[in-house]
Each structure stands twice: as C-alpha cells, then as structure tokens.
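Step one of this worksheet: look at the structure below.
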Amino acid sequence: MNETEILFTEILNCDRFYLYENRELILKKDRSSLLAAILKRRMYGQPIQYILGKTEFMGLEFKLTPYVFIPRQETEILVETALNYLKRIKNKEIRILDLGTGSGCIGISLAKFFPQAEIDATDISDEALKVAKENAILNNVEIDFIRADLFNSDCLRFKRYRLIVSNPPYIATKEIDTLASEIKYEPRIALDGGKDGLDFYRRIIKDASDYLEEDSFLIMEMGFNQRPAIEAIFNGLKDIEVIKIVKDYNNIERVIVAKKVKNG
Ligand code: GLN
C-alpha cells in the first residue's frame, strides 16, 4: 500500500478495496481529528509507520516503536531468497539464526512461512528485542530471542545453523546525515555501518563459518553498490564462498548468498 492508502485504511478501519469502492466518504468528527493529528506529525517528517506504530511486511503485521528500524520492501527479497534455499534442504532439523533482528521481521516471517525450522534471533538492543518478542506473539510464532552483539553471546557458543540471515546496518557514517530527513527518526545503530558502511559484513563474514554446518548458507542484504566490496571480504576465506546475488525491484544487487563448503 502507498502512504495515503495506509493512512486512510487506518483512519477508516477498512481495507484498501473499500477505499476505491467508496471514493466519497464523509469523515466523522473523531476520525477527522485523528487524521489532523496524524498529518501534523507526518508534516514534521515522522515516518507514518512510527506514527501508526505498525507496518506490514511479507503480508504480516509488525508492531513498531522508534527503537526499531522500519522493515523495507527490499528485505522481503532477502526472506524470499532464504525460503527458496530452505525448501531445498532435505534434513528435517533446520536451525536458523537471524542476526540483528530489529523488529523481528526477518526471523518471524521465516518462522511463519517455514514453520518446521527452529529460529534464534539476536539483537544488541534490549528495546528492539522487546518489540521483536511482541511481534513473535502477535504473529503466533516461537523464536528464541538472545541479546547479543552479532555472535557474541554464550547462548550461541557451540551452536550450528543451516542458515544465517541478516540485514545489518550498512550505511557509511558520514552518509547518514545526507539521507532523507525521515531517516533521522530511525535508530542510528540500525543504520550506521561504520566508516565505509561495511563493518558488520566484515564481522559477520569472519565468524559465520564457526556457526554454520557444512553445506549451509549465509544470506545477507546489501546496500547500493556494495556487492564488489562485500565479495572481496569473502575472497580471503576458503571455507565459505559467494554462490548467488539477487537483485531487487529496482535492479539493484540487494541480496548476497554464500555457502559454507567444508568444515575448515
Ligand atoms: N533485521 C531488521 C530488518 O531487516 C533490522 C535491520 C537493521 O536494524 N539494520 O528490518
């Protein structure tokens, strides 16, 4: 839905279809004051998803607070790519790790559409984990949420996964302030990927094989034009290699799939 549709389906408590079937509606007084209040916040640049406190991702509802990054449509490509690889795995016991889960959108969607998997999700932010837990309940799935800076938690020691997914912060620090003004409402730790935007890829790629079974996958979202630099990080490693790049709807290379080839 576009922003106007999001706004009016919320105000009128109806679906998108209803809006187009009823093109001339008179708003009751309480509805029009609600609309005015929302528009006022929107005019100051607050993203509609934070004003309404929710969004849709993979057709599911997610509660949001300003402590979590707003799920983006591009990230659905990461989830769909992950689901494609999961379907090919014969083994019944499938464990998945979602690193930096934020609102929980990736891990929760995987749990919903691939219910046979056992899923762990980490985040460094307690506030984010609180939102993610509420979203797991809202969507009726079970996930183990772990507070961790990427893999750094005792809970993850000796664990091995068939799939690790992540949409890490990937914007270069000095670029953040040049982006759309809405971005400043999102948590900086969810955006800031360090000097060149690649800090989290370096850390994730360096450690991923320690947490992957053989023949298992690491699937990550990437920012605009980051593919060559991220691939170069993999080039230095012998037990994990890039096997696929998936483009988004704007033809931008968006998702990178790597495979652990053998136990190093
Ligand atoms: N994994 C979450 C998402 O895709 C959070 C991403 C982030 O905070 N960088 O929405």
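Only the coordinates and a few stated rules stand behind these numbers; no lab work does. Bear in mind that the values here come from a model prediction, so they are computed numbers and not experimental data. Counting neighbours? That spans all protein chains shown, and the Cβs are built from the backbone with ideal geometry, glycine included.
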(request) Report, in whole Å, the centroid distance computed from the Cα atoms of the stretch 16-71 and the stretch 97-169. (result) 27 Å
(message) With angles folded into 0 to 90 degrees, how steeply does helix 29-43 sit against the dominant principal axis of the chain? Use alpha carbons for both and round to 10.
(response) 50 degrees
(request) State the volume of the convex hull built on the alpha-carbon positions of the chain, expressed per residue in Å³ and rounded to an integer. (result) 136 Å³
(message) No solvent, one uniform scatterer per C-alpha: report log10 I(q)/I(0) for the stretch 152-259 via the Debye equation at q = 0.24 1/Å, two decimals.
(response) -1.36
(message) How tilted is helix 3-12 with respect to the longest principal axis of the chain? Cα atoms for both, answer in degrees (0 to 90, nearest 10).
(response) 60 degrees
(request) Counting helices only, and only those DSSP H runs with n ≥ 4, report the 222 nm mean residue ellipticity of the chain as the sum of -39,500 (n - 2.57) divided by its residues, in deg cm²/dmol to the nearest 500. (result) -10500 deg cm²/dmol
(request) For the stretch 80-164, just the Cα set please: Rg and Dmax, both in angstrom. (result) 12.2, 36
(request) Equivalent ellipsoid semi-axes for the stretch 3-44, as square roots of 5 times the alpha carbon gyration tensor eigenvalues: give them largest first, rounded to whole Å. (result) 18, 12, 7
(request) Can you check what the Kirkwood hydrodynamic radius comes to for the stretch 180-243, Cα pairs only, in Å to one decimal? (result) 13.3 Å
(request) With a point put 7 Å past each Cα toward its Cβ, work out how far residue 39 is from residue 157 in nm, to one decimal. (result) 5.8 nm
(request) Just the ratio, please: alpha-carbon radius of gyration of the stretch 1-109 over 2.2 N^0.38 Å, N its number of residues. (result) 1.36
(request) Based on the mean of other Cβ atoms within 10 Å per residue, sort peptides 126-135, 39-48 so the most packed one is first. (result) 126-135, 39-48
